[in-house]
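Step one of this worksheet: look at the structure below.
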Amino acid sequence: MGLDKPVFVEGEPVTGNVNVDCEEYVQSEGVRVEGRAIEHFEEMEWVTENNQRVPRMVQKTNTLFSRDKSINGPSDFGQGPTRSFPFSVGIPSLRPAHSGGRIETMIKGVVAVKGRPDMTGTVQIAFTAPTYAVIGAPVQPYLSTPPFAPPGQAQGSQAGYAPGPVQQKPQIRCSYCKTLLDQRMTFCPNCGAHQ
């Protein structure tokens with residue numbers, strides 16, 4: 001397994017290659033990638049110890065995201081050069097559902113082998129928050145109100161200052177999850193789909 005870069009921006013597709021290197025001949029039923037996001041958290045539970053019910057913090061997991069994607073059909077593998085199969089998996093931006101929870105996101109490459117255990121390889125994925133450039137109306141300079149208004153001007157108003165109209169960024173809806181997004185975005189920040 002190999003990823004195209006060490007850190008991905010939340011919402012962008014995770015891309016890389018499943019690299020298959022065999023020492024012997026195998027018949028594959030297909031190659032796939034499995035994307036998973038698992039939350040690890042602690043939860044208070046009542047447990048029995050020495051015939052008494054006592055509260056204890058218990059380690060738990062919760063699968064927040066699961067997607068399997070086929071990247072190659074049935075094929076035979078054997079000794080020879082490494083074969084690489086590119087993949088792209090959209091993983092949405094996720095936040096822990098439990099207080100103090102942490103999310104582990106990973107991609108597993110799987111070569112399904114007939115009559116034998118599958119060949120697998122797993123890599124963890126690191127994400128960073130997206131950065132957005134705000135494009136809109138120019139910022140008007142702040143002018144303090146004169147202590148005394150000139151004759152004919154109301155107290156607190158400023159001659160020659162009229163705020164410009166607020167410009168809104170044009171938005172569209174994601175064709176997959178219907179989230180509103182800036183029309184210049186190429187990937188949905190919610191589901192990761194290409195726009």
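The values are calculated or read from the model by the stated rules, or taken from the named source; none is laboratory data. The model shown is predicted, which means the values in this text are computed figures rather than measured ones. Here Cβ is always computed from backbone atoms with ideal geometry, including for glycine, and neighbour counts include all displayed protein chains. Protein only, heavy atoms only, side chains kept; ligands, DNA and RNA dropped before computing areas. Shrake-Rupley method; radii C 1.70, N 1.55, O 1.52, S 1.80 Å.
Residue-level check: of (1) of a type in the set (Phe, Trp, Tyr); (2) under 30 Å from SER93 (Cβ atoms); (3) in contact with a Pro (Cβ under 9 Å, 6 or more places away or on another chain), TRP46 misses just (2). Restricting region 81-98 to residues that are in contact (Cβ under 8 Å) with a residue 40 or more places away in the chain, farther than 18 Å from GLU34 by Cβ and outside any strand (DSSP E or B) leaves a set whose member that is farthest from the chain's Cα centre (by Cα) is THR82. Pairs meeting the criteria (first residue in region 23-47 and without any contact (Cβ under 8 Å) to a residue 12 or more places away in the chain, second residue open to solvent by 40 Å² or more (accessible area, probe 1.4 Å), beta carbons under 6 Å, at least 6 apart or on different chains) are TRP46/ARG53; TRP46/PRO55; VAL47/ARG56. Among the residues that make up region 109-117, is at least one of them open to solvent by 50 Å² or more (accessible area, probe 1.4 Å), outside any loop (DSSP other than H, G, I, E, B), in contact with a strand residue (DSSP E or B) (Cβ under 7 Å, 6 or more places away or on another chain) and modelled with pLDDT of 55 or more? No. Of the residues in region 12-23, how many are modelled with pLDDT of 85 or more and assigned to a loop (DSSP other than H, G, I, E, B)? So the answer is 3. Among the residues that make up region 84-93, is at least one of them of a type outside the set (Phe, Trp, Tyr), in contact with a His (Cβ under 7 Å, 6 or more places away or on another chain), open to solvent by 40 Å² or more (accessible area, probe 1.4 Å) and under 19 Å from VAL7 (Cα atoms)? No, there is no match, as no residue in region 84-93 is of a type outside the set (Phe, Trp, Tyr), in contact with a His (Cβ under 7 Å, 6 or more places away or on another chain), open to solvent by 40 Å² or more (accessible area, probe 1.4 Å) and under 19 Å from VAL7 (Cα atoms).
Look through region 1-56, keep the residues that are among the hydrophobic types (A, V, I, L, M, F, W, C) and farther than 30 Å from GLY101 by Cβ, and return whichever of them is farthest from the chain's Cα centre (by Cα). Applying the filter and picking the extreme gives VAL26.
Which ones in region 99-108 are open to solvent by 30 Å² or more (accessible area, probe 1.4 Å) and in a loop (DSSP other than H, G, I, E, B)? Within region 99-108, SER99, GLY100 qualify. Just a yes or no: is a residue in region 44-62 closer than 23 Å to THR186 by Cα and open to solvent by less than 40 Å² (accessible area, probe 1.4 Å)? The answer is no, given that none of the residues of region 44-62 is closer than 23 Å to THR186 by Cα and open to solvent by less than 40 Å² (accessible area, probe 1.4 Å).
Can you go through ASP76, ASP68 and tell me which one is within 22 Å of GLU10 (Cβ to Cβ) and open to solvent by 40 Å² or more (accessible area, probe 1.4 Å)?
Checking each option against the conditions leaves just ASP68.
With respect to ASP21, determine if the residue is within 30 Å of GLN195 (Cβ to Cβ), open to solvent by 70 Å² or more (accessible area, probe 1.4 Å) and among the acidic types (Asp, Glu). No, not satisfied. A single entry from GLN195, GLN171, GLN183, GLN124 fulfils the requirement of being at pLDDT 75 or above and closer than 26 Å to LYS108 by Cα: GLN124.
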